[in-house]
Every structure is written in structure tokens, then in C-alpha cells.
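*Asks:* Here it is: the structure, laid out below.
The values are calculated or read from the model by the stated rules, or taken from the named source; none is laboratory data. The model shown is predicted, which means the values in this text are computed figures rather than measured ones. Cβ sites come from the backbone with ideal geometry, for glycine too, and all protein chains shown count toward neighbours.
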Amino acid sequence: MRFRRPLRLGIQFLIWTVVIAFFVDTVSAANGLTLSGGSRDELAIPQWLYLGTGGATIGASALLASFVTDRLFIRNIHEWNRPLLPVDRWEGVVTKVGRAVGVMILILTISVGYIGPQLPNASFAILVTFAGGRAALPIVAYLIGNVWPILNPWRTIALVLPTGFRTYPSKIKRWPAVFGLLTLVWIEVIFPVSTVPTVLATAIVGYSVVTLAGAVVFGVDPWFENADPLAVLFRLYGAVAPIQRRNGTIQVKLPGSELTNAEILSDTSDIAFVIALIWELTFSGFITTSAGAGTVSTLVGIVPVELIPTTVQATVVYTVLFVVGFLVFFAAYWYAANLSRQWVGTYVSTETLRRSFAPSLLAIAAGYHFAHYAGLFISLSPALVMALQSPFTPPANPIVLTLPGWFGGLSIASILVGHLLAIGAAHAVSYKIFASRLVAIRSQYPFVLVMIGYTVISLWIISLPSAIPPFLQ
């Protein structure tokens, strides 16, 4: 009961954020490879109509899904699969090659970061980390399948080290991964890791020390299954993919159909990680818009520079916005689960509802990621190829592709498709939980409202003029 009022305030804050999005004034601002937005074309229609149409699309999709009440049909859709090939025929060779490639790339990234060229668009370290690891690998994970367990260089190194000196504390679940993901994004925003190769190399060395130390102390499997943010991130993104591994066989499934599997998430920390995936993409997108830059500039200017230096104020502002936004997004989903249980009056616990519906949000996170990072990967792919060919001596002015005008429509479509997959997964989950068709449909309403809120916020962000986040070096 003591948490009900804060949760209600959280969902109300999210709603008001959506409302304010229609009226906020945008201003111009002037960092980084991943935090610099490309120019966006102005909307040809009123913003309120654009946002309303996006939100209405999700609402209408949920309404149409409610007419599909045949349990057998719903189950067959999400359980459909076709085996491709057995894993044991090629797993050993692919694993060895993948591990070697992963370790080699890690060593090269650190080496080039320190002694290679210091130009962002020509640095092997920055291009591989952001165009490759930040953009391309997650896209591969949710569009094809998760290949990170094979490429993960830290896991490969940990396998040859003495490990397992302590038992991983089960009570902390995957909270270290949640904290790790938020910390990585915070570092990406605050420090020039995407523009200064030496800073990036130092950050990777720090991450390597923490990761390998954790794997040595707690064991390889416990650490990478619970505490390592990258391993958890790729595993969850992989749940959206149409290619899954089951019983020693590679299977093809419908995209997003795996999100009805209750075993994907097992704890509140898993839910927090999924929300963190959505929020970090929303936050990164927001601060690269004119509205985000204007918000930061206004907040930084509140306190006189004579009292607190501008850089300190900016760090505090970015941190507070990042943490508070995550808590608001998390509270919105938390309150939706509470409201769902109240509306249907079910014996099913609120915790079960939270864990059961949360995997559907992974499709939303995948749609957000594609909208924000597909363009980055495509535009930098020629430079990435050149850097791979010659890591220490790439061309000083590598080729950077200019995206066609229609690519903005693809970003909007990816957000909507992600939400539509989420609606379908949530619909199937509700029919798994509840025997009554009416109760199953009603239980989805609060979650659909939260999805509409997420949709409108994300569509609003990509509709704004781009800007470079202020006060970041």
C-alpha cells in the first residue's frame, strides 16, 4: 500500500510527459558518434496528428487483437516452428572461430584505441565498438539470432582462468546487470568514449577488469548469466529473433513469438533490465534533439556558474534526468500491473502479471534500437570496412553514407512494428494466464496504455530537429 501513491504519481508523470510533448518549444543546441543526431526533415503534417496517429495505431491494433479469441489458433501461431539443422554438426568449429575472432577484436580495439589514429570516424576502436557492437550486433540479435555467446571475448578469456571461488549470491538476482547497463549508458553520455579513442580504450580496459574479476570470483556461467550487462542484453534481444536454439537444433519461429515464454524473465530485476533497455534508447534519443538540448541548457543555467561550475552542473543534470526517467518508466509499468489486477479482480498475483507481460516489451526495445541505430550502422559501414582492412592506418577521410529521405519513415515503421509485436505477445500471454476470454482481454488494457505512452514519446523524439547535447566534450 505504501508504494501505491508513488507508482500512481509515476504513471501520471509519464502521461503528462506525453501531453507536454505536443506543446514544448524547440531550440537549437550544438557530441559524439552515437550522441550526434543526423538532420531530420520537418513533418509534412501537424505534430499532434502524427503523434495521435501513432498512438491510435497501437490502440486500434490492441482492439483488433481482442477479436482473436480462439485459444488454439493463438497458441499455434506462437508455437509454430520449423527445424533448420542440428547444432552438433558445426557448433564446435563455429564456436572456436567465433571465440578467436572476439578475442582478436578486443585486443585490436584496445591497442588501436591507445596507439592508433585519434579521429572518431576513422578509428577502428570507435567504429567497431559503436557501429559494430552498439548498432550492428543488437540488430543481428533481434532480427536473426543471438551470436554474442560465441563472440564474447571476456567469456572466452575467463574459460581459461581459475574460477568459482565464491558462490554467486542468488538474492541479488540480475540487479548487477541492471546497474551495469545504466552505468555503461551513463558513461557513454558523460564521457567522450565515442569521440576519443584513448578514453574508449580506457573504459574497455576498466570493463574488462570488472568482468573478468567477477567471472573468476563467481564462475563463468553464474557471472555471464546474471551480472554481465552485455551478455544479458544480447540474450534478451535474442528472444525477439525468429531463429532460436532448442534441444540441440536451430529452429525458425515467427518474430516475437518467443516472448510468450514465461522463462525469459524470472525476477523483478529482469523487468528492470527490460525497462532500462527502453529507457536508455529513449534518453539517448531525447538528448540529441533540440528539445532535449534546450531542457538541459535551461536546467544547467538555473544555478550561477560562480557557485557550481557549468561542467559539474551539466553532469548532475544529465544524471538526474537519466535516473529519474528510468524510475518513471519503471513505475509506469509497475503501476500498470497493479491496475490490471485491480480491473480484473484475479487471484493471479501482481508479480506474476508483471513477469508474464514484461517480455513483450523486448519487441518495443528492439524497435526503438533499430530506429536509433540502423541509420548509424548504414552510414558508417564503409568506414567500418576500411578500418577492418587496415586498423592502424585507415584513411583520414573515410566514406560516410548519407541516408535517403525515406529512411526516416523506416525508423517510424520499426517503432510501430515493435509495438505491434508487443501487442501480439501480450495478447497471447493473457490467454495463457486467464481462463476467461473477457478477463484475458481486460487484463491487457493497462499495459496497452503504457505501450501507447511509450509509442507517442518515441515518435515525438524522432520527429524533433536534431541537436548535439550541450556541455559534453
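*Asks:* Kindly list the number of the only condition in (1) part of a loop (DSSP other than H, G, I, E, B); (2) within 27 Å of SER360 (Cβ to Cβ) that fails for VAL193.
*Replies:* (2)
*Asks:* Oh, and also: Among the candidates ILE58, ILE74, ILE115, ILE110, which residue alone is at pLDDT 85 or above and touching a helix residue (DSSP H, G or I) at 6+ places or on another chain (Cβ under 6 Å)? Steps first, answer last, please.
*Replies:* On the way: ILE58 fails: at pLDDT 85 or above; ILE74 fails: at pLDDT 85 or above; ILE115 fails: touching a helix residue (DSSP H, G or I) at 6+ places or on another chain (Cβ under 6 Å).
On inspection, the qualifying residue turns out to be ILE110.
*Asks:* If you don't mind, there's one more thing I want to ask. For THR183, only one of the following conditions fails: (1) buried (at least 16 other Cβ atoms within 10 Å of the Cβ); (2) under 17 Å from the mean Cα position of the chain (by Cα). What is its number?
*Replies:* In the conditions (1) buried (at least 16 other Cβ atoms within 10 Å of the Cβ); (2) under 17 Å from the mean Cα position of the chain (by Cα), THR183 misses (1) alone.
*Asks:* Just name the residue that is nearest to the chain's Cα centre (by Cα) out of those in the range 320-356 that are under 22 Å from THR183 (Cβ atoms) and small (Gly, Ala, Ser).
*Replies:* Among residues in the range 320-356 that are under 22 Å from THR183 (Cβ atoms) and small (Gly, Ala, Ser), the one nearest to the chain's Cα centre (by Cα) is GLY325.
*Asks:* Quick one: in the range 186-235, which of the residues that are modelled with pLDDT under 95 and touching a Leu at 6+ places or on another chain (Cβ under 6 Å) is surrounded by the fewest Cβ atoms within 10 Å (Cβ to Cβ)?
*Replies:* Per the stated criteria, the residue is SER194.
*Asks:* Which number in (1) more than 30 Å from ILE190 (Cα to Cα); (2) in contact with a helix residue (DSSP H, G or I) (Cβ under 7 Å, 6 or more places away or on another chain); (3) in a loop (DSSP other than H, G, I, E, B) marks the one condition that LEU259 misses?
*Replies:* (3)
*Asks:* Looking at the range 270-303, which of its residues are of a type in the set (S, T, N, Q) and under 14 Å from TRP460 (Cα atoms)?
*Replies:* Initially, the range 270-303 is screened for residues of a type in the set (S, T, N, Q), giving 282, 284, 288-290, 295, 297-298.
Across the range 270-303, the qualifying residues are THR282, SER284, THR288, THR289, SER290.
*Asks:* Hey, among THR352, THR346, THR393, which residue is more than 20 Å from VAL128 (Cα to Cα), of a type in the set (S, T, N, Q) and part of a loop (DSSP other than H, G, I, E, B)?
*Replies:* Numbers: THR352 fails: part of a loop (DSSP other than H, G, I, E, B); THR393 fails: more than 20 Å from VAL128 (Cα to Cα).
Of THR352, THR346, THR393, the one residue that is more than 20 Å from VAL128 (Cα to Cα), of a type in the set (S, T, N, Q) and part of a loop (DSSP other than H, G, I, E, B) is THR346.
*Asks:* Hey, can you tell me all the residues within the range 241-260 that are touching a Pro at 6+ places or on another chain (Cβ under 7 Å) and of a type in the set (D, E, K, R)?
*Replies:* LYS253
*Asks:* A follow-up question, please. So, in the range 78-137, exactly how many residues are part of a helix (DSSP H, G or I), farther than 23 Å from ALA231 by Cα and within 25 Å of the chain's Cα centre (by Cα)?
*Replies:* So the count comes out to 3.
*Asks:* I've got another one for you. From ALA435, ALA428, ALA440, grab the single residue that is surrounded by 14 or more Cβ atoms within 10 Å (Cβ to Cβ), of a type in the set (A, V, I, L, M, F, W, C), farther than 24 Å from LEU380 by Cα and at pLDDT below 85.
*Replies:* On the way: ALA435 fails: surrounded by 14 or more Cβ atoms within 10 Å (Cβ to Cβ); ALA428 fails: at pLDDT below 85.
Selected residue: ALA440, the only one of ALA435, ALA428, ALA440 that is surrounded by 14 or more Cβ atoms within 10 Å (Cβ to Cβ), of a type in the set (A, V, I, L, M, F, W, C), farther than 24 Å from LEU380 by Cα and at pLDDT below 85.
*Asks:* Also, I was wondering about something else. Name the pairs whose Cβ atoms lie under 9 Å apart, with the first residue in the range 394-411 and modelled with pLDDT under 85, the second among the charged types (D, E, K, R), and 6 or more positions between them or separate chains?
*Replies:* That search, which allows pairs on different chains as well, returns GLY405/ASP41; GLY408/ARG40; GLY408/ASP41.
*Asks:* Something else now. Here are VAL189, VAL185, VAL193: which of them is of a type in the set (Val, Ile, Thr) and closer than 29 Å to ALA100 by Cβ?
*Replies:* VAL193
*Asks:* Restricting to the range 236-266, name every residue that is of a type in the set (Asp, Glu) and surrounded by fewer than 18 Cβ atoms within 10 Å (Cβ to Cβ).
*Replies:* Selection gives GLU263 alone.
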